[in-house]
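A short worksheet on the structure shown next.
Nothing in this text is a laboratory measurement; each read-out follows from the coordinates by a stated rule. Please read these numbers as outputs of a predicted model, since none were measured by experiment. Glycine also receives a Cβ, built like all others from the backbone with ideal geometry; neighbour counts cover every protein chain displayed.
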Amino acid sequence: MKIDYVARNCEISDKLRKITEQKLNKLDKYFGDEQAVAKVNFKKQSSFFTTEVMLDYCGNFVRATADSDNFYDNLDAVLPKLEGQIRKYRTKFDKHHKNAAFSDNAEFKGEKQIEERRSNLVKEKKFKLKPMTLKEAQEEMELLGHTFYVFLEAKTNTVQILYLRNDGDLGLIEPEI
């Protein structure tokens with residue numbers, strides 16, 4: 001497994017890198033011969049530490065975060081979450097797609113996040129859109145734990161945005177050109 005580290009307001013020790021690598025390599029059993037890419041973010045904010053791990057496996061993303069008073073406890077909390085999501089994801093797609101859920105390659109180029117007015121751009125995210133149905137986009141959004149999801153609709157070949165409304169229902173934005 002390839003692991004990319006990002007540290008914000010802290011430094012990553014060799015011991016932390018080694019332990020992170022050992023723990024993440026335990027997830028290799030789910031990926032077979034294909035190589036997964038893990039992006040691990042360590043962030044220190046005042047008195048607490050945040051660890052975020054995002055796995056990219058052939059265009060499918062699984063993400064988990066944890067907060068505590070040290071990074072080691074965060075790793076212990078994040079890994080079971082990731083493992084559960086991977087198992088849930090694989091089980092769901094094995095049933096629906098006959099083990100073909102993890103066959104496409106994706107290109108991860110970074111993160112992009114746009115803040116509201118008077119805010120600074122702090123993240124950028126670029127990703128390759130793959131064609132999928134609305135139901136698949138709902139499942140992907142649920143697995144990632146996001147409030148919105150941008151996808152390429154398979155039938156019409158148009159970019160659409162699925163989002164979670166304040167009342168708990170879902171909304172769909174279909175841009176017109």
Karplus (6.51, -1.76, 1.60) ³J(HN,Hα), θ = phi - 60°, over segment 35-50, in Hz, Gly and Pro reported as x: 9, 9, 10, 10, 10, 10, 9, 10, 9, 10, 10, 6, 9, 10, 10, 10
Cross-link pairs K15/K128; K2/K135; K18/K39; K2/K29 - those with Cα-Cα distance over 23 Å: K15/K128; K2/K135
Rg to Rh, two decimals, where segment 122-177 supplies the alpha carbon set and Rh follows Kirkwood: 0.96
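First measure r as the distance between the Cβ atoms of E176 and K23, then evaluate 1/(1 + (r/R0)^6) with R0 = 41 Å and state the FRET efficiency to the nearest 0.05. Before the final figure, lay out each step's value.
Values: r = 47 Å, r/R0 = 1.14.
Using R0 = 41 Å, I get an efficiency of 0.30.
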Neighbour-count ranking [beta-carbon atoms within 10 angstrom, fewest first] of F71, F61: F61, F71
Residue-wise HN-Hα coupling along segment 19-24, computed from phi with Karplus coefficients 6.51, -1.76, 1.60 (Hz; x: Gly, Pro): 5, 4, 4, 4, 5, 6
Sorted by Cβ neighbour density within 10 Å, fewest at the top, the residues D69, D14, D76: D14, D69, D76
Separation in nanometres of the label points that stand 7 Å from Cα toward Cβ, at A7 and L134: 4.7 nm
